[in-house]
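The values are calculated or read from the model by the stated rules, or taken from the named source; none is laboratory data. Bear in mind the structure is a predicted one, so any value in this text is a computation, not a measurement. Neighbour counts are summed over all protein chains in view; Cβ atoms, including those assigned to glycine, are modelled from backbone coordinates with ideal geometry.
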Amino acid sequence: MNELRGIHHVTAITSSAEKNYEFFTYVLGMRLVKKTVNQDDIQTYHLFFADDKGSAGTDMTFFDFPGIPKGTHGTNEIFKTAFRVPDDAALEYWVKRFDKYDVKHKGIKEQFGKKVLNFVDFDDQQYMLISDEKNVGVAAGTPWQNGPVPLEFAITGLGPIHIRIAQFDYFKEVLEKVMVMRETAAEGDLHLFEVGEGGNGASVIVEKNTVLPAGRQGFGTVHHAAFRVADTDVLHEWIERMQSFGFGTSGYVDRFFFESLYARVAPGILFEWATDGPGFMGDEPYETVGEMLSLPPFLEGKRDYIESVVRPIDTVRSTKNIEKEYL
C-alpha cells in the first residue's frame, strides 16, 4: 500500500475573506498562492495560503460562505491547525509579534517534547505554532521570501492536526488499520499518530473527549483536512481501499490544482486525499501569484458571472515594498 505522505492542506471557514487575507498575509506572513472560488459553490471565495512556492503540505485554505453562522468548538471536530516554524527561538519572536498585533495566545508550552504556541484569530479559529528544532521527518517548505516575517522565524508549512473525538477506540482503529498511521506517543487524553516519514508535517494529535458537546460547523471552525498522496494512480488505490472498508466516498474529483477523494471517516470528521501536483504555480506567474481571480478551465466559461457575484478583494502585493519586521 502506498502510504500517505503527510498533511496536504487544511480547509476552514472564515467570516470575512478580507480580514482573513489581511491576517494571514500581514500578521502570519503566509503567501496567498491562489484566489479562486469554491468549485461546489461558485459564489463563494476560496483562498489558499501557503509557502513561497505553494508546496503541498504548507497550505491553509478558507471558504467564505455568505451568511453562515459562527461555529462552536466541541468534540467530534478537527479542532486546531498547527504551523511549523524553524526552531524554539522563532516562537519567542512570535510571542512578541502576537503581542504587537493583539493576537490572543497562551504563551510557549511543551507538547510531545516540542515547544508550541497556541493562538486564535478574529473568528476564534484555533491554531498552534510548533517548533521544528527537535523535528525529524517530512521536510519543511520555503518561507514567503517577500513577506513581513524575517525568514529565520517564518512559517514553513503545516504541523500536526488536532482532532477531538468521543469514540476514541473506533477512531484509533480507522487511523491505524485503514489509514496506516501509527501511534507514537501519548500524554493524558492526547495521542500522537504519525504516517510516512512522520514528524511535524505528518502527524495527527487525537484528543479523547467525551465531555464536550459535539462541535457545530460554521465560521471559526475547520471544514476538512487533507492528506498527501503521490499521484493519480495512488489516489485511485486509496479510493478502492476506502470503499473496501465500507466508507462512502466522493470517488475521484478533479480540482485542477490537485486531484482528490473525500470521505467522512467519523462523526464530524471529513478527510480528503489529495495529490501533490499539479500545484498552484501553473496558471499564474510566480511574481504575481494570488493577485488575480484564478479559475480552473472548467469554470472559465462562467468567469463573467462569477466576477459579477463575488466582491472584488485587492490582493496585489507585487507592487508593494513589504519590509521585514524585526521585533
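Below is a table of values for the structure above.
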quantity	calculated
Count of segment 282-322 residues which are more than 22 Å from residue 50 (Cβ to Cβ) and of a type in the set (A, V, I, L, M)	2
Segment 177-204 - residue that is part of a loop (DSSP other than H, G, I, E, B) and of a type outside the set (Val, Ile, Thr) and, of those, farthest from residue 130 (Cα to Cα)	179
Scan of segment 41-60 for residues that are assigned to a loop (DSSP other than H, G, I, E, B) and not small (Gly, Ala, Ser), ordered by number	51, 52, 53, 58
Which listed residue, of 47, 4, 32, is within 28 Å of residue 207 (Cα to Cα), of a type in the set (A, V, I, L, M, F, W, C) and at pLDDT 95 or above	4
Segment 60-82, residues that are in contact with a Gly (Cβ under 6 Å, 6 or more places away or on another chain) and crowded, with 24+ Cβ neighbours inside 10 Å	77, 82
Test: residue 150 is surrounded by fewer than 21 Cβ atoms within 10 Å (Cβ to Cβ) and in a loop (DSSP other than H, G, I, E, B)	yes
Segment 235-267 - residue that is of a type in the set (Gly, Ala, Ser) and in contact with a Leu (Cβ under 9 Å, 6 or more places away or on another chain) and, of those, surrounded by the fewest Cβ atoms within 10 Å (Cβ to Cβ)	251
Within segment 157-184, tally of residues that are within 24 Å of residue 243 (Cα to Cα), among the β-branched types (Val, Ile, Thr) and loosely packed, with under 14 Cβ neighbours inside 10 Å	0
Test: residue in segment 41-49 that is among the β-branched types (Val, Ile, Thr) and buried (at least 21 other Cβ atoms within 10 Å of the Cβ)	no
